[in-house]
Amino acid sequence: MECCFPLISDYNRSMNDVAVSIDNPLLAALNPEQRQAVEATGGPLLVLAGAGTGKTRVLTTRIACILMNKLAWPDEILAVTFTNKAAREMAERIDLLLTSPSPVRGEGWGGGNISARQNTPSLTLPPAGGGNSLRWMGTFHSIGARVIRRHAEKLGLTSSFTILDVDDQLRLLKAILAELHIDEKSLPPKLFSAVIQSWKDQGLTPDNITSAQDLQAAGGQAARVYKAYQERLRSLNAADFGDLILHMLTLFTRHPGVLEEYAKRFKYILVDEYQDTNVAQYLWLRLLASFHKNICCVGDDDQSIYSWRGAEVGNILRFERDYPNARTVRLERNYRSTPHILAAASAVIANNRGRLGKTLWTHVKDGEKIRLKSVWDEREEARFIGEEVEDMQKKGIPLGGMAILVRAGFQTRAFEERFLTLGVPYRVIGGLRFYERAEIRDAVAYLRIIASPADGLAFERVINIPRRGIGQATMQQLHTVARNLNASLYNATMHLLKTGEIKGKLASSLQRFIDSCERWRKKLDELTLPEIVDLVLEESGYRAMWQQEKTPEAAGKLENLKELSRAVGEFENINNFLEHVSLVTEAANADSNADMVSLMTLHAAKGLEFDAVFLPGWEEGLFPHQRAIDESGARGLEEERRLAYVGMTRARKKLTIAHAANRRIYNQWQSSVPSRFIAEIPQEHIETLDGGVYGSAQSGGNGNWKDEVAAILGGAPKKEESHFARGARVFHQKFGYGRIESSSGGHLDIAFEKAGHKKVLADFVKPA
């Protein structure tokens, strides 16, 4: 992708390489590759930093050395990252390097706590007019806000402009949709918000949107909404977070003098997590680096896992083409994981084509192999991992040193339930516990009303979700009547409908709600709990509400609702389930500072590390996730593989991968086959645990799991044809009795008497 903004052609002056002093005491702490990255202080530099290779040390030491050697003043260094936490950590570590005795490390050092120091003179920053602080170190958005406030009038704003949060943006978009006569039920504000943010991430203003791009989003309505939205923001003297980057691009391209000021100011530009930049951030950095060309980007193309929020892995892949004279330094020495873990992770990621290439290694000579466990279903998976956690704790590994990393948020429920049963404390990182998630609370509130119409809190929560036109004034009226009659809100509503005190569309909406609740309550004796949940989600319009949203978050919420439907099937009746939810919620109030197992998604785990890591759910369709492949094809598959790499490299000492032969989807059992990523791990790095569904494939078994995964990918050793004949009656442990309709390569199409038509493996059925 060529830069669509003009770079400054006049700024062709490049700096000669300037190497920092070879006797610099700061360099004693670095390995040869880290030192090479620090010393190359002239010209563009790409540092490919693998997981656990000490990239933060390289960044901070590089900045400290630039300052100590007086190659630039603090105000001439721009250092950008993605989070305030990362920026604060970098600033603290730079200050420590420049004001404390120099750290010296042995062979095993790669970051973390300093184990040894030598007494060397303290290093101090060169004097600067504005003080010693690095004023231009921060996140992309914080730096963008600062630049825009200085030049706000050139953008039609004032320096006191307001930065809108998500709620304000949605309210503004809702008003615009009403003015443009766009039905928000079919095209909701959140859809337009997602489209507009995507365009801003690509550096596109309303004038840059093509008709083809417009037709692909929101039925051809998005471009005019975007234009109206930007005009309204300007009239309100406001901006959203996407504008903090987009406005800088506008400022630099329309006002060359402003670009010249900043491009000349920043002699050194350093970027952390470069693989996570979007197109707008990429263009902004290229513009600023167009004068001095001293840009150092640190990142790992193998850990680019955020395309769903705008990150473009192509930015790091094209660095050497953008800067023909660039150096590339690979940090491959890992200080975190054992040899088996690193070799397995490297073997998996090597199957990606869109990468620059590197192989992690370590001087550590021993370590356990990766353990592979096959289980029957997700409940057995949770039991197995729960037992492993307890066993490891007894052997001295603290709970805080263990983590379970899942591909999809709904997977956490089975482990939460198991840990509650075992009394093992846990925390969910980067998200809420299953029953605390908004969509689950909403669905449970519907069930609470069915079970107990007098539940006023549940009534208030869902009476207007999805929207039924119930406003604050109506709720006040209901509360007043409820107090006067000493009745519940539910009965107060029925009273007002009966007396006719509520009329028109509002009365019709409330009557439909009451009628639905009454109908669902009568169905409790006729339908199973999973069927009740599906009925409520469907007839209330709640599931349709999330299906229409078309945002990345909506897909996860729908998966959670599916998991809720599955979860209720474990209880005899609705009251037992609701009592369980109450107990789970109460247990969540445990001491947050206690030693706890960490539960999180693979996306949330990036940047973290643990002694023991469990990776459950490694099955085709779940991981790699089918939606990623359906939506993005080969590109989506490669990002899923990068996600597997991230998960594997979170482990320091122990790594366990689990996969289930069956999972319940929409309350029906479906057979699963192991993830193709398992087949990509060399056998010499795997120990297959006994007692699994597929047997000990790695230790002399029949290797079914390898053959099955290979068969999915094509060109694999084919399994022998099933010995089951068409029409034969068979038995499956979960699905019961059925007849074979066809067979191919060990796969059977079976019409089960109760479970319906299924595709299963021949290994899981027996003659009836």
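May I ask you to verify whether Lys759 is part of a strand (DSSP E or B), closer than 14 Å to Ser671 by Cβ and modelled with pLDDT under 75? Yes; evaluated as a whole, the condition is true for this residue. Go through the residues of region 359-368 one by one and say whether even a single one is under 26 Å from the mean Cα position of the chain (by Cα), at pLDDT below 95 and within 30 Å of Asn294 (Cα to Cα). Within region 359-368, one or more residues are under 26 Å from the mean Cα position of the chain (by Cα), at pLDDT below 95 and within 30 Å of Asn294 (Cα to Cα). Would you check which residues across region 552-567 are under 23 Å from Asn464 (Cα atoms) and open to solvent by less than 20 Å² (accessible area, probe 1.4 Å) and list them? Scanning region 552-567 gives Ala554, Asn560, Leu561, Leu564, Ser565. Here Leu67 clears all of (1) part of a helix (DSSP H, G or I); (2) under 28 Å from the mean Cα position of the chain (by Cα); (3) over 23 Å from Arg336 (Cβ atoms) except the condition numbered (2).
Output the number of residues of region 160-183 satisfying the condition of being in contact with a helix residue (DSSP H, G or I) (Cβ under 9 Å, 6 or more places away or on another chain) and either under 16 Å from Ala194 (Cβ atoms) or not in a loop (DSSP other than H, G, I, E, B) (or both). If you could, list the steps in order and put the result at the bottom.
At the first step, the residues of region 160-183 found to be in contact with a helix residue (DSSP H, G or I) (Cβ under 9 Å, 6 or more places away or on another chain) are 160-164, 166, 169-177, 179-180, 182-183.
Now drop any that are not either under 16 Å from Ala194 (Cβ atoms) or not in a loop (DSSP other than H, G, I, E, B) (or both), which leaves 162-164, 166, 169-177, 179, 182.
Of the residues in that region, 15 qualify.
Would you mind stating whether Ile316 is β-branched (Val, Ile, Thr) and in contact with a strand residue (DSSP E or B) (Cβ under 7 Å, 6 or more places away or on another chain)? Taking the combined requirement at face value, the residue satisfies it.
Can you tell me which residue within region 188-234, out of those that are part of a helix (DSSP H, G or I) and hydroxyl-bearing (Ser, Thr, Tyr), is farthest from the chain's Cα centre (by Cα)?
First pass over region 188-234, keeping only residues part of a helix (DSSP H, G or I): 189-201, 206-208, 211-216, 218-220, 222-234.
If we keep only those that are hydroxyl-bearing (Ser, Thr, Tyr) too, we end up with 193, 198, 211, 226, 229.
Details: Ser193: 19, Ser198: 17, Ser211: 31, Tyr226: 27, Tyr229: 28 Å.
Applying the filter and picking the extreme gives Ser211.
Mind checking whether some residue in region 54-77 is at pLDDT 85 or above, surrounded by 18 or more Cβ atoms within 10 Å (Cβ to Cβ), under 27 Å from Lys200 (Cα atoms) and not aromatic (Phe, Trp, Tyr)? The answer is yes; a qualifying residue exists.
Is it true that Thr60 is closer than 30 Å to Ala343 by Cα and either not charged (D, E, K, R) or not in a helix (DSSP H, G or I) (or both)? Steps first, please.
Details: closer than 30 Å to Ala343 by Cα: yes; either not charged (D, E, K, R) or not in a helix (DSSP H, G or I) (or both): yes.
Yes; evaluated as a whole, the condition is true for this residue.
Could you check region 568-597 and list, in sequence order, the residues that are surrounded by 14 or more Cβ atoms within 10 Å (Cβ to Cβ), part of a helix (DSSP H, G or I) and at pLDDT below 75? Scanning region 568-597 gives Val584, Thr585, Ala587.
Residues considered: Glu231, Glu260. Of these, the only one that is out of contact with any strand residue (DSSP E or B) (no Cβ under 6 Å at 6 or more places or on another chain), closer than 25 Å to Leu46 by Cα and of a type in the set (Asp, Glu) is Glu260. Could you check, for region 235-242, whether at least one of its residues is free of Cβ contacts under 8 Å to residues at least 60 places away in the same chain, buried (at least 18 other Cβ atoms within 10 Å of the Cβ) and of a type outside the set (Ser, Thr, Tyr)? Yes: region 235-242 contains one or more residues that are free of Cβ contacts under 8 Å to residues at least 60 places away in the same chain, buried (at least 18 other Cβ atoms within 10 Å of the Cβ) and of a type outside the set (Ser, Thr, Tyr).
Report, by residue number, each residue of region 315-351 that is open to solvent by less than 10 Å² (accessible area, probe 1.4 Å) and under 16 Å from Met648 (Cα atoms). Steps first, answer last, please.
Start the filter on region 315-351 by keeping residues that are open to solvent by less than 10 Å² (accessible area, probe 1.4 Å), which leaves 315-316, 319, 329, 331, 334, 337, 341-342, 344-345, 348-349.
Scanning region 315-351 gives Asn334, Ser337, Ile341, Leu342, Ala344, Ala345, Val348, Ile349.
Taking Gly500, is it on the phi > 0 side of the Ramachandran plot and open to solvent by less than 50 Å² (accessible area, probe 1.4 Å)?
Details: on the phi > 0 side of the Ramachandran plot: yes; open to solvent by less than 50 Å² (accessible area, probe 1.4 Å): yes.
Against the criterion (on the phi > 0 side of the Ramachandran plot and open to solvent by less than 50 Å² (accessible area, probe 1.4 Å)), Gly500 qualifies.
If you go through region 428-484 and keep only what is closer than 30 Å to Arg418 by Cα and part of a loop (DSSP other than H, G, I, E, B), you end up with Ile429, Gly430, Gly431, Leu432, Arg433, Arg437, Ser452, Asp455. Within the span defined as region 353-368, every residue fails to be over 30 Å from Ser307 (Cα atoms) and of a type in the set (Phe, Trp, Tyr). The set of residues from region 602-652 being without any contact (Cβ under 8 Å) to a residue 40 or more places away in the chain, open to solvent by less than 10 Å² (accessible area, probe 1.4 Å) and at positive phi is empty. Within the span defined as region 294-314, every residue fails to be open to solvent by 40 Å² or more (accessible area, probe 1.4 Å) and touching a Gly at 6+ places or on another chain (Cβ under 6 Å).
The residue of region 151-210 that is surrounded by the most Cβ atoms within 10 Å (Cβ to Cβ), among those that are of a type in the set (Gly, Ala, Ser) and under 19 Å from Arg234 (Cβ atoms), is Gly203.
Here Ala651 passes the criteria (1) modelled with pLDDT under 95; (2) under 26 Å from Ile397 (Cβ atoms) except the one numbered (1).
Looking only at residues that are out of contact with any helix residue (DSSP H, G or I) (no Cβ under 8 Å at 6 or more places or on another chain) and open to solvent by less than 20 Å² (accessible area, probe 1.4 Å) in region 394-418, which one is nearest to Val646 (Cα to Cα)? Result: Ala403. Remark: pairs (first residue in region 166-192, in contact (Cβ under 8 Å) with a residue 12 or more places away in the chain; second residue acidic (Asp, Glu); Cβ separation under 7 Å; 6+ apart in sequence or on different chains) = Gln169/Asp240; Lys174/Glu184; Leu177/Glu184; Pro188/Glu549; Lys190/Glu549; Leu191/Glu549. Only one of the numbered conditions (1) on the phi < 0 side of the Ramachandran plot; (2) open to solvent by 30 Å² or more (accessible area, probe 1.4 Å) is not met by Ala492, and that is (2).
Arg468 versus (1) open to solvent by 10 Å² or more (accessible area, probe 1.4 Å); (2) among the charged types (D, E, K, R); (3) farther than 28 Å from Pro189 by Cβ: which is the lone unmet condition? Among (1) open to solvent by 10 Å² or more (accessible area, probe 1.4 Å); (2) among the charged types (D, E, K, R); (3) farther than 28 Å from Pro189 by Cβ, Arg468 violates only (3).
Inspection of region 309-316 identifies no residue that is touching a Ser or Thr at 6+ places or on another chain (Cβ under 6 Å), more than 17 Å from Tyr262 (Cα to Cα) and modelled with pLDDT of 95 or more.
For region 530-561, how many residues are in a loop (DSSP other than H, G, I, E, B) and under 21 Å from Arg664 (Cα atoms)? Working first, answer last.
First, the residues of region 530-561 that are in a loop (DSSP other than H, G, I, E, B): 540-541, 550-551.
Applying the additional criterion that residues be under 21 Å from Arg664 (Cα atoms) yields none.
Within region 530-561, residues that are in a loop (DSSP other than H, G, I, E, B) and under 21 Å from Arg664 (Cα atoms) number 0.
The criterion of being modelled with pLDDT of 80 or more and either under 37 Å from the mean Cα position of the chain (by Cα) or of a type in the set (Phe, Trp, Tyr) (or both) does not hold for Ile740. Pairing each residue of region 370-389 that is polar (S, T, N, Q) with any residue that is in a helix (DSSP H, G or I), provided the two are 6+ apart or on different chains, yields C-beta distances under 7 Å for Ser374/Trp705. Taken across region 221-230, residues that are more than 30 Å from Gly541 (Cβ to Cβ) and either open to solvent by less than 50 Å² (accessible area, probe 1.4 Å) or touching a residue at least 24 places away in the same chain (Cβ under 8 Å) (or both) do occur, with at least one present.
The values are calculated or read from the model by the stated rules, or taken from the named source; none is laboratory data. Every value quoted in this text rests on a predicted model; they were computed, and no experiment measured them. Methodologically, a virtual Cβ is constructed for each residue, glycine included, from the backbone with ideal geometry; neighbour enumeration extends over all protein chains shown. Just so you know, the surface numbers come from the protein's heavy atoms only, side chains and all, with ligands and any DNA or RNA stripped out. Shrake-Rupley method; radii C 1.70, N 1.55, O 1.52, S 1.80 Å.
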